[in-house]
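Worksheet: one structure, shown below.
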Amino acid sequence: MIVNKKSIFIFRLLSDLLLLNGAFLVSAIVAQSWEILLDRNYMFFLLISLNLIWVVTSNYFNLYDDFNSRNFPVQFVNILKNSIIQILATVFFIFLVKEDLFTRYFIVYYAMLLVFFICLRVILFRKILKYLRRRGKNIRNLMIVGEGKFAENFETMIGSNPDFGYDLKQTLGLNNDSSSESIKEQMEYSIKSFSIDEVVIAFSDASRELIDSIIKTCNNNAVKVHIIPDYLNFVSNRFQLTSFGDFPIITVRREPLDEVQWRIVKRSFDLIFSLFVIVFILIWMIPLIFILSTFLFKSSVWFIQKRIGTKNKKFNCYKFRTMLPEIEPDKKFKPVIENDPRVTKFGRFLRKSNLDELPQFINVLKGEMSVVGPRPHAVSYNDMYGKIVDEIRLRHNVKPGITGWAQIHGLRGDVPDEEENTKRTKKRIEYDIWYIENWSFTLDLQIILLTIWKMLKGKTEAT
């Protein structure tokens, strides 16, 4: 049994609209009474308007996008954004009609119930979908036609995201020398043998004739086909298409934080957030850790290290010390491993809880770092990473962060195995560049929520 994306979208949307109406009616009845609601029939015009607004804003914020619904914190932020607009619309309507009864309590009840109901629907739907997919239902059989980097990367992505609902049956390598008849025979054999539902064409170098033959065969067999365009070799995932006079221009790399208004938004949030942490947490935590480190564990408190910041400038990065004072880890590459003898007993606790990173909020307040961004590299490490990834300097277009997109995906620190460490470094910098190109204020909030979530679950890759 296969339920297509459109059916899932409609089910989600209709379910949420039903819950929205339920939240509205329950809030109206609890706030006043059923009779008063019926007497003020113009409130039902508000209800109709809220339904229409939800349809528009949920589409705008990609609430039902499969690729944005993998993590609950991501969904939660989208639910909050939609709900805030619902509340603003409700306040505006009540102000216009000069309603004197359905005011404070109704709005508070509606906001709380709406967020609760939609979050509950998301959680239940995810559990049901996982249950069905474990039983082999709602799975689409996928075939990749292609070879090289595109095909390999797409295959890895599908394999690491089972929640997408695809079962990769085959990767079929074809080339420009194949005849149309040969392509047709191979494609039809694979489609019938594996009951293929969708095909992804992923070539880094393919002729027009080859792609035409593949698409024609897919169409003849009623198989949905997708193409990864080959010009992605030259542009980033966030290219921008504009016009220069009469010529269409593709800007290879788009970075939202190049715009001054977004830099102001990010810096304002950094100031507020860092001040909150310093005033309510660090102001008592620093003396406490000083006492514990000095008198109980005979260790110094601070670890200050030169790291690379914006525009390749160096700055002093603050941390609580977790390793023996005589060891300077930036002199020679030697990553911290499990049960590392260089880490003190108290240091293990600080690293496990991520408390060792909290002094970096002082760096944020000084403007050297941001709450969210690529993690700052030590000078010697940065030189070493630069030999692995040529584009490493792109990370320095934004301020480094306490947590980041790479860290919430488990790409924190290094590993002893050189080959594995090279792979992790490439992937980590790839994630950092993706963050820079896709930055938004809501993305920062999602990363912060995911960081807190992972810390609560005891996963130390959070920061």
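The values are calculated or read from the model by the stated rules, or taken from the named source; none is laboratory data. Because the structure is a prediction, the values reported are computed rather than measured. Using ideal geometry, Cβ is built from the backbone for each residue, glycine included, and neighbour counts are taken over all protein chains shown. When the accessible area is computed, the model is the full protein with side chains, heavy atoms only, and any ligands, DNA or RNA have been set aside. Shrake-Rupley method; radii C 1.70, N 1.55, O 1.52, S 1.80 Å.
Could you work out how far the C-alpha centroid of region 255-316 sits from that of region 167-226, in angstrom?
Cα centroid of region 255-316 versus Cα centroid of region 167-226: 53 Å apart.
With every protein chain left in place and a probe of 1.4 Å, what is the accessible surface of E391, to the nearest 10 Å²?
Accessible surface of E391 is approximately 100 Å².
Pop a pseudo-label 7 angstrom from the Cα along the beta-carbon direction at both N62 and V108 and give the gap in nm to one decimal.
Result: 3.6 nm between the two label points.
Round to the nearest 10 and report in Å² the accessible area of E198, as given by a 1.4 Å probe over the protein chains' heavy atoms.
20
Amide H of Y166 versus every other amide H placed in the peptide plane: which residues, excluding those fewer than 5 positions away on the same chain, fall under 5 Å?
R140
Step through the table entries K130/K426; K306/K387; K313/K387; K169/K192, compare each Cα-Cα distance with 22 Å, and write down the pairs that go over it.
Those over the limit are K130/K426.
Assuming 0.36 nm per residue, please report the length gained on full extension of the stretch M384 to R267 beyond their Cα-Cα distance.
Between M384 and R267, full extension yields 39.1 nm more.
Modelling each spin label as a point 7 Å along the Cα-to-Cβ direction, I'd like the F95/A222 distance in nm, to one decimal.
5.4
Top to bottom by accessible area (1.4 Å), largest first, where do K457, K345 land?
I get K345, K457, largest accessible area first.
Working only with C-alpha atoms, what are the Rg and Dmax values of the chain, expressed in angstrom?
Gyration radius and largest Cα-Cα distance of the chain: 26.7, 80 Å.
With a 1.4 Å probe and all protein chains in place, put T451, T422 in order of accessible area, largest first.
T422, T451
With an 8 Å cut-off on Cα pairs and a minimum separation of 6 or more residues, tell me the relative contact order of region 98-204 in percent.
Relative contact order comes out at 34 percent.
Restricting to Cα pairs below 8 Å that are 6+ residues apart, what does the relative contact order work out to for the chain? Please round to a whole percent.
11
Loop-only GluC sites (Glu not before Pro) in region 90-196, please: DSSP not H, G, I, E or B, and at most 16 other Cβ atoms within 10 Å.
E99
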